[in-house]
Amino acid sequence: MTTERTVQPMPPGLRVPANRISRRAISYWTARAALGGAFVVLVEAAIAVAGGFSAAMGYLIACTFAAVAAHAVIMPRWRYRVHRWEVTDQALYTRSGWFSVHWQIAPISRIQTIDSHRSVGERIFGLANVTATTASAAGPVRIHGLDRELADMLLDQLAVATGQSAGDAT
Amino acid sequence: MTGLAAGLGDAGAEWLRLSPRSLIVRPLTDLSRLLPLVAALLILHSRIGSYVTWSVLAAVAAVVPGMLHWITTRYKITDERVYLRHGVFNQKVLSVARDRIRTVDVTAHLLYRLLGVCHVTIGTGRNDLRSGHLDLDGMTRTDAESLRLMLLPATAGTAARPAAGGQGAAAASSAGAEYARLRLSWLRFAPLTMTGLVVLGVLFGFVLQLSNATDINLAKTGPVRYLVREFASFSIVERVGVSAPLAMAGYVLIALIGYTAVYWNFRVAGYGADTVRVTRGLLSLRVTAISLSRLRGIEISEPLLLRAAGGAKCIAITTGLRVGKGAEHEGSVLLPPAPRQVAHRVASELLGVPGELARGPLRRHGQAALRRRYIRALTAACLLIAAIEAAAWIRHGPAWVRAGSLLLIPAAVLIAADRYRNLGHRLAGGWLVTMTGSFTRRRSIVGTDAIIGWRIRQTWFQRRLGLMTLTATTAAGHQRYSLRDVPVDVGLAVAAAATSDLIKPFELQPDAKPATKA
């Protein structure tokens, strides 16, 4: 609970969704952030080399490297503490984000489609995400970084649950 | 698409074609779109002399798609569904259940009107149809009228819905009533909206396209050169003195023409118990039928200039009609720029809600939200000033630019104050009212039964201030309606009161320990 307190100095009066995501998500996010950061640094280095190496450019590259490295170390761990999800009989309930935190509640009865998507990176780390869309274009609920087996199970469970209700309030 | 096997077997309905008259209309409309090109061809003809080949090609290009469209397009209406079949090589069948039909929009441009045909757009609550529409381009007017009557019947037998009981009753009592009709005095609001600018942009684009296509440099033609020469002989005061009033007068004139063309004969009237019809247009007519029990709310929108002049416009929040940019071209306009009192009255009468909700005071979001408005506006202003100063310093820009950029700070203060004044919400009688914005102030009244989910967003800064942005997601209108920077406890109370069963299971009980790892 102490970690919870540091992450959420002022929780918005909602209880925390029950389930954490897979720990492997930390590695996945770290890898992704590191790759993206490495690309930015490399581009800067290429520009520096092409335009004759100057001291200002060196500073810029050093600062970028520090920022990118800090992001790759801090963001995934922070994010892992925030990301939570829960499925009840009535609703799908998630918390995600890191610097800004998003809470989403979508009633099971309003869910129209459920799908699971695996990018190349997620497949390498054995992860999957589950997306539930509602009739609102602003309403898709995503659960990132789930265990692959768990995602498949969740997919089936939600598919059964959504099949049982009628009407979509459009 | 769906129900192909089951639906096509339905008895008692035949596949119908569009009117053969659309064979004339479509090529002509296609041609009119190619008008600059055609003009270019006519002018080029004198130079190249291959006029015949080109004109034959152009005629074929215009006629063939129209013919193919007419031959391949069929539609069918059964008791449950509407089917549309089209496509040359890949035949597609779109179908939509009739109880999912929210709006029927009938438009007829000038050419269409001459030939007595129109374009019917059936708005549905479906996301999987691209743009959520079924389009029937080229029906005769009588066919379109009977189709509209069939799909949105005057008696609300098929559209009855338990949740819409209150709205349905309100509508029934005022069946056939007229909610609003265009008054000539409303024309004073015409120059205060962007419509004039849009018309100007279209005209400018057309001229540019024409001059490109014909390879004529307009700046070198006689009249323009004469004007430029005359203008150059004036002093700078005279130039401003002459051109500013001329530009203003031209803009006002174009805005008036635009407003008149789009909103001439504007009328909102009840039609049967459950349908409201919006009629408008001078040259191209538009009739939009909106099912009242599917009307999820109304947005009262006040762009800055319009607000200053005491005007407002109303936009329907319903599934199947677009809102936001380009709303004027869609059928969702419930009231053109008009006096604010009229907007309030139309909104409250159409929704059957007390006028208080449309115009009354809202609950403010408190000191923290006010502070955040100022911090955000001033931060943005400071960043802009820094950028301007840096650019001026590097480029050795004039001193007045650097001094003038400081004016952004009082502007930011004014905007922040106005944004806070306009920020608010209210929940009453099953309606959620939200208001935000400064450059365009929007007050949205949304039925709580249309809310199909909640989103809460807290940035790190918001967490420090104890604020959150609460967003109700819905299938209608903008798809999301937000209470920006609302105090956490107030926001949660609103969400819980609006959809009690949805939020309650997740509220933090003081005594219950929150669950941790599963």
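Points worth noting:
- A simple spin-label model places pseudo-atoms 7 Å from Cα toward Cβ; at A:VAL73 and B:GLU356 they are separated by 5.8 nm.
- Residues whose placed amide H lies under 5 Å from that of A:THR113, excluding near-sequence neighbours: A:THR133
- Of the chymotrypsin sites (Phe, Trp or Tyr not before Pro) found in region B:224-254, the ones in coil according to DSSP and having at most 14 other Cβ atoms within 10 Å of their Cβ are B:PHE234.
- Less than 5 angstrom separates the built amide H of B:ALA177 from those of B:GLY270, all sequence-distant by 5 or more or on a different chain.
- Altogether, the Stokes-Einstein calculation at 25 °C and 0.890 mPa s, with the Kirkwood radius of region A:18-80 over Cα pairs as Rh, returns a diffusion coefficient of 190 µm²/s.
- Counting only other chain Cβ atoms within 10 Å of each residue's Cβ, the peptide B:135-143 averages 0.
- Per DSSP, loop chymotrypsin sites (Phe, Trp or Tyr not before Pro) in region B:73-110 with at most 15 further Cβ within 10 Å: B:PHE89
- Average beta-carbon neighbours from other chains, 10 Å sphere, peptide B:483-489: 1
- Net length gained if the chain between B:ARG480 and B:PHE89 were fully extended (0.36 nm per residue, minus Cα distance): 136.9 nm
- Order by protection proxy (mean Cβ within 10 Å, highest first), peptides A:41-50, B:487-496: B:487-496, A:41-50
- Rounded to whole Hz, the Karplus (6.51, -1.76, 1.60) HN-Hα couplings of region B:348-355, x for glycine and proline: 6, 6, 5, 7, x, 10, x, x
- Per-residue average of Cβ from other chains inside 10 Å of B:472-481: 5
- Region B:398-439 residues near the modelled B:CYS382 label - backbone nitrogen below 18 Å, point 7 Å along Cα→Cβ: B:405-417
- Per-residue ³J(HN,Hα) for region B:356-371, Karplus 6.51 cos²θ - 1.76 cosθ + 1.60, θ = phi - 60°, Hz, x for Gly and Pro: 3, 5, 7, 10, x, x, 10, 6, 6, 9, x, 4, 4, 5, 4, 4
- Gyration tensor verdict on chain A (Cα atoms; rounded if a/c is under 1.5, prolate if a/b is larger than b/c, oblate otherwise): prolate
A short reminder: the numbers here are calculations on the coordinates, not readings from a lab. Please read all numbers here as calculations on a predicted model, not as lab measurements. Neighbour counts are summed over all protein chains in view; Cβ atoms, including those assigned to glycine, are modelled from backbone coordinates with ideal geometry.
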